1. Per residue, what accessible area does the chain have, given a 1.4 Å probe and all protein chains present, in Å²?
2. In the chain, carbon and sulfur make up what percent of the accessible area (probe 1.4 Å)?
3. For residue 156 and residue 143, compute 0.36 nm times the residue count separating them, minus their Cα-Cα distance, and round to one decimal in nm.
4. Over the alpha carbons of the range 130-207, what is the largest minus smallest coordinate on each principal axis, giving the biggest first in Å?
5. Probe 1.4 Å, all protein chains in place: accessible area of residue 12 in Å², nearest 10?
6. When N counts the residues of the range 23-146, how does its alpha-carbon radius of gyration compare numerically with 2.2 N^0.38 Å, as a ratio?
7. Grab every C-alpha pair in the range 77-207, bin the distances at 5 angstrom width from 0 up to the longest one, and report whole percents.
8. Mind checking which of 51, 174, 160 has the largest fluctuation in a GNM of the chain, springs on alpha carbons under 10 Å?
Amino acid sequence: HFLNPKIKLLLKTSERNYAINGVNRSIYDHALILYTPNYELPEFFNANVQLVGVRNDRVIWNGPAPAPQYLSGAADVSWLAASGSAVKILEALEIAEAVQIDYEMEPERFLIRDAVQAGPRLLNAGHIALLRSEGFSANFIQRAAARSAIAMTADEELILVVVTSGNGSVGMGLHELAEYLRDLGAVEAMAVDGGGSSSLVFKQGSM
């Protein structure tokens, strides 16, 4: 499924719901960030960062960074980190308190078990769908560069494309890439990380 949904990440307590500002990313001022169990907790936090460990929807640790060593590598512990004005959200939580990390998505669809966030979206139902509302600049969209994309045909066959830059190739702009994928029969397509990250690995070889 290729979607442009609006997603709200939430920390739910018995008192109210709090917006989570990001997942598995560097913390910034006045933010509440979630670190999932399969993501290594950053080793270095500002001294004013508050951390809460959650296991099985219960608070198991609450205190200033860093996290205790015996919990920092636990595979079943999610971490919430807060800075600035968001610190008071976590400070109010008590050990063994029930909390829930959840999301709301619009349009409401189905249970999502695995997802990849990337962009911008290139094709939607066979039409070029480069929307400025996704936050990518016109220069980024038009500039020829190394690109990577994932696409699907009407028969739900997967297409993986990597466009290299160098050795006589200047790469592609995203509009050009969208047209190329459509010519290959794709009806849905999305760009993924390009530039120096553009690579394709298959079996025991690579491109």
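1. On the way: 13080 Å² over 207 residues.
That works out to 63 Å² for each residue.
2. Within the chain, the accessible surface is 48 percent carbon and sulfur.
3. Numbers: separation 13, 0.36 × 13 = 4.68 nm, distance 2.95 nm.
1.7 nm is the gain from fully extending residue 156 to residue 143.
4. 37, 34, 20
5. Answer for residue 12: close to 50 Å² accessible.
6. Scaled against compact globular proteins, the figure is 1.35.
7. Cα pair-distance distribution for the range 77-207, in percent: 2, 8, 15, 16, 15, 11, 10, 8, 7, 6, 2, 0, 0.
8. For the chain, modelled as a Gaussian network with Cα springs under 10 Å, the answer is 160.
The values are calculated or read from the model by the stated rules, or taken from the named source; none is laboratory data. Given the structure is predicted, the values throughout are model-derived calculations rather than measurements. Counting neighbours? That spans all protein chains shown, and the Cβs are built from the backbone with ideal geometry, glycine included. Calculation scope for accessible area: heavy atoms of the full protein, side chains included, ligands and nucleic acids excluded. Shrake-Rupley method; radii C 1.70, N 1.55, O 1.52, S 1.80 Å.
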